[in-house]
Amino acid sequence: PGIYVCAKCGHELFSSRAKYEHSSPWPAFTETIHEDSVSKRKERPGALKVSCGKCGHGLGHEFLNDGPKRGQSRF
């Protein structure tokens, strides 16, 4: 339980309350902890490149409509 932060600058990204089990080997989250936790840019259809909202450190992707509920995204 707790808050997941950027490894580079410590900016708050995700809460453990938004974490869920997914077939991916990486931690999966349904939402960010703050509106400005991450910045996003379109990378390909269905996926956005995600970076820390404070320092720009690469965090991976947001996969659209791949969350645990219909219409949710997965970070």
Check your understanding: So which residues in region 8-27 are in a loop (DSSP other than H, G, I, E, B), touching a strand residue (DSSP E or B) at 6+ places or on another chain (Cβ under 9 Å) and either within 18 Å of GLY67 (Cβ to Cβ) or open to solvent by 70 Å² or more (accessible area, probe 1.4 Å) (or both)?
Key -> LYS8, GLU21, HIS22, SER24, TRP26, PRO27
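Residue-by-condition table, conditions (1) touching a residue at least 24 places away in the same chain (Cβ under 8 Å); (2) open to solvent by 80 Å² or more (accessible area, probe 1.4 Å); (3) within 14 Å of TYR4 (Cβ to Cβ); (4) under 12 Å from the mean Cα position of the chain (by Cα):
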| site | (1), (2), (3), (4) |
| --- | --- |
| PHE29 | yes, no, yes, yes |
| ILE33 | yes, no, yes, yes |
| SER37 | yes, no, yes, yes |
| VAL50 | yes, no, yes, yes |
| HIS57 | yes, no, yes, no |
| GLY60 | yes, no, yes, yes |
| LEU64 | no, no, no, yes |
| GLY67 | yes, no, no, yes |
| ARG74 | yes, no, no, yes |
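Considering only residues that are in contact (Cβ under 8 Å) with a residue 12 or more places away in the chain and either basic (Lys, Arg) or in a loop (DSSP other than H, G, I, E, B) (or both), which ones fall in region 39-48?
LYS40, GLY46
Please tell me if GLU12 is within 9 Å of the chain's Cα centre (by Cα) and free of Cβ contacts under 8 Å to residues at least 60 places away in the same chain.
Spelling it out, it is not the case that GLU12 is within 9 Å of the chain's Cα centre (by Cα) and free of Cβ contacts under 8 Å to residues at least 60 places away in the same chain.
The values are calculated or read from the model by the stated rules, or taken from the named source; none is laboratory data. For clarity, every value in this text was computed on a predicted model and none was experimentally measured. We place every Cβ from the backbone using ideal geometry, glycine too, and count neighbours over all the protein chains shown. Only protein heavy atoms, including side chains, enter the accessible area calculation; ligands, DNA and RNA are left aside. Shrake-Rupley method; radii C 1.70, N 1.55, O 1.52, S 1.80 Å.
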